[in-house]
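Heads up: the structure comes next, in structure tokens.
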Amino acid sequence: MSTETPTTRTDRDERGALARLKNSPFLSELLSNRLALIGIGIILGMVIIALYARLFYDLNALTSSRLGGFPDRTAPGWAGGPASLTEMYFGTDALARDIFRRTMYGAWIALKFGTITVAASTTLGVGLGIIAAYYGDVTDNVIMRTMDVVLAFPSLLLALALVAIFGAGLWKAVIALTLVYTPRFARVVRGAALKVLEDEYIDATAALGATDPRILVRHILPNTLAPITVQSTLNFGLAIIDIAALSFLGFGAQAGTPSWGLMLANGVENGLQTGKWWMSFFPGLFLALTVLGFNLLGDGMRDALDPRMQDTLD
Amino acid sequence: MVSKRFVAKRLLLLIPVLFGVASFVFAILHLSGGDPAQIIVGQRASQETVREVRRELGLNDPILVQYGRFLIEAAQFDFGESYQISKGTPVRQVLADKLPVTIELALYGQGIGLALGLPLGVLSAVKQDSLVDHGTRIGALTGISVPIYWSGPLLILLFSGYFELFPAAGRIGSTIFLDDHWVLFGRELPLTGMVTIDTLILNTGAYIGSILNEGLTAIPTVLEHYEAFTSAVMHLFLPAVTIGVYSMALISRMMRSSMLEVIRQDYMRTARAKGQGAKITVMKHGFRNAMIPVITVVGIQFGTLLGGAVLTETVFGIGGIGTMLVSAINATDYPLVQGAVLTFALLFTLVNLGVDITYSYLDPRIDQ
């Protein structure tokens, strides 16, 4: 860096995390990764679709049955369906609803609930991980052994067990999956925080009279941001898949909701044996694309951050 | 060698985890708020009957007493009887019937994943940045992004519906009936519950029997005799491929990055400097060392695989422990839910224990 302007300590503190991100080779590395760029493109595309559908589509028309007004289970016009349905690009489902518009609206549902799940489990996991690392001893043991118990369950099955307690519904699925994912973040963050704690400046800060919360939030948290961000991105795809999986099994989104998982369940139930492929093809395609977008970006971020980090993140 | 101390330590560490798992499973019943007695006798039963059943189930005892009783019973794998789905059958019996179905599916899926994923991963690493490498990487990334409950239906639509190559659902043709035991030297032996193995045993028995009875002329009847086995394999093919592709994607990704790391090690260069050929060096020195982290992933991924088996069973209409768990949750059949969840957790934990032990065998430094 060629800037020679002397900065005061507080100055550096204020801009610390952001400046480091700007100056680090991370962003330029990430932006030179073609696959990561494709991932960003897909995600942006989905966000635009989601917002458009949320703002301009009438949810009521998408959820309630349109039998009587329109033919049901019809292929799209371009694939041999009736010409009168040309504007229903993806055909109609068992209740004669427009699969195209439902799929578009599904992007909003997937991104909304995916974001909430990832944000909640990140926050919870980061808090627990940092506290475990900083206080050590009993606190560390209690927190991390509890995390071990959670990790002893296959993730989707734990989510099912929690749904058996909470009952079905999208919000309940979000809570269940938040609890399932939290240990992953706690582990990553605890590992990163332990590394930071070895640094002498933490001792120095404490000696200068910084309180525990201040050390945790101002000094340890910023240094764990990188692995957290990567883990969150990689988890985003998983969260979207798992929420849809719970909906597919009937424990997430409830009847009528245009969620991709539920649409796939409808497609399997009503179209699989009769070859009505469009009922499952399109919702699944958008689901897979969205997940691919997050996985491409997450992979790129991981490589850009440090190729050697591949061992610490799953 | 695997040190006994390492295994003992690893087993001791399991105790608190299993204790926690059992406590959570106990909590499923008590946090869900439903009244088991009411569920058993139905909504129309009189208050008197409900009270009677509550007393019988011990639901009036203090919660700690119930907890203690649950732990003791769970340690013996006793979860009582199913409330709804298989009313009156002990949960242990239901699980014993359904578990082999799920394990069979998971094993074939894992087998396909390993058989294809390992070579692809090695190839991708050895030929880094080649066309093969890019293809494998993008393919693998796509593979882990495609949900099983989408790839499964697509395979059915294509290979069952359109090409009519495989059956779409079930475990075996509806006209085929299997014995529930087999006979060897006059002794009745139980079957495994895994349909491909059972049909193989039964068909081979019948085939050998007919050769013994009718002599060598019976040899060409092999296809007739293996009808049940063929049907079982055909039924299992699509579900196993559905899980297998996902597993392959995960394994090849891990194998690639692990192999890339190993290739750069000094001992690889030393082996080459000794005059050893490139292929032998990769296979002999590289593969074994690269496998170490991959084995861990295979263990962790076994959990994903079990979750995948639940979804696959639902898509393909296979009556394993996964579909059973889904219907048990819907029917609030808590003993079955508890039994199934604990079984899955136990299975997952044991696989990871096995993984850790294998790990210490492959890399003896671990137990230091």
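The values are calculated or read from the model by the stated rules, or taken from the named source; none is laboratory data. Bear in mind that the values here come from a model prediction, so they are computed numbers and not experimental data. Here the Cβ is made from the backbone with ideal geometry for all residues, glycine too, and neighbour counts use every protein chain on show. Keep in mind that these areas ignore ligands, DNA and RNA; they rest on the heavy atoms of the full protein, side chains included. Shrake-Rupley method; radii C 1.70, N 1.55, O 1.52, S 1.80 Å.
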Using the structure shown, decide if residue B:25 is surrounded by 14 or more Cβ atoms within 10 Å (Cβ to Cβ), touching a strand residue (DSSP E or B) at 6+ places or on another chain (Cβ under 9 Å) and modelled with pLDDT of 90 or more.
no
In the set A:139, A:205, the lone residue that is of a type in the set (S, T, N, Q), open to solvent by 10 Å² or more (accessible area, probe 1.4 Å) and modelled with pLDDT under 90 is A:205
Has region B:71-79 got at least one residue that is touching a residue at least 12 places away in the same chain (Cβ under 8 Å) and under 26 Å from residue B:316 (Cα atoms)?
no
In region B:327-361, anything surrounded by fewer than 22 Cβ atoms within 10 Å (Cβ to Cβ), without any contact (Cβ under 8 Å) to a residue 40 or more places away in the chain and at the interface with chain A (Cβ under 10 Å from one of its Cβ atoms) is listed as B:330
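Can you give me the ranges of the helices (runs of 4 or more DSSP H) entirely in region A:111-205 with at least 3 residues that are in contact with a helix residue (DSSP H, G or I) (Cβ under 9 Å, 6 or more places away or on another chain) and polar (S, T, N, Q)?
A:137-151
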Selection from region B:302-317 of residues open to solvent by less than 10 Å² (accessible area, probe 1.4 Å) and either more than 9 Å from chain A (Cβ to nearest Cβ) or closer than 15 Å to residue B:100 by Cα (or both) yields B:305, B:306, B:309, B:310, B:312, B:313, B:316
When restricted to A:152, A:120, the only residue within 14 Å of chain B (Cβ to nearest Cβ), out of contact with any Cys (no Cβ under 8 Å at 6 or more places or on another chain) and open to solvent by less than 50 Å² (accessible area, probe 1.4 Å) is A:152
Filter region B:94-142 for residues that are among the hydroxyl-bearing types (Ser, Thr, Tyr) and part of a helix (DSSP H, G or I); the one that is nearest to residue B:192 (Cα to Cα) is B:102
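Taking the condition more than 16 Å from residue B:156 (Cβ to Cβ), more than 16 Å from the chain's Cα centre (by Cα) and facing chain B (nearest Cβ under 10 Å), does residue A:238 pass?
no
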Inset, instruction - Might you let me know whether region B:148-158 holds any residue that is over 24 Å from residue B:321 (Cα atoms), within 14 Å of another protein chain (Cβ to nearest Cβ) and surrounded by fewer than 17 Cβ atoms within 10 Å (Cβ to Cβ)? - result: yes
Turns out the helices (runs of 4 or more DSSP H) fully within region B:1-93 with at least 1 residues that are within 14 Å of another protein chain (Cβ to nearest Cβ) are B:4-31, B:36-41
Picking from A:54, A:73, the residue that is outside any helix (DSSP H, G or I) and open to solvent by 80 Å² or more (accessible area, probe 1.4 Å) would be A:73
Practice problem: Consider residue B:59 carefully, then state whether it is open to solvent by less than 50 Å² (accessible area, probe 1.4 Å), free of Cβ contacts under 8 Å to residues at least 60 places away in the same chain, out of contact with any His (no Cβ under 9 Å at 6 or more places or on another chain) and among the aliphatic types (A, V, I, L, M). | Solution: yes
Wholly inside region B:217-301, helices (runs of 4 or more DSSP H) that include 2 or more residues that are open to solvent by less than 60 Å² (accessible area, probe 1.4 Å) and touching a residue at least 24 places away in the same chain (Cβ under 8 Å) are B:227-263
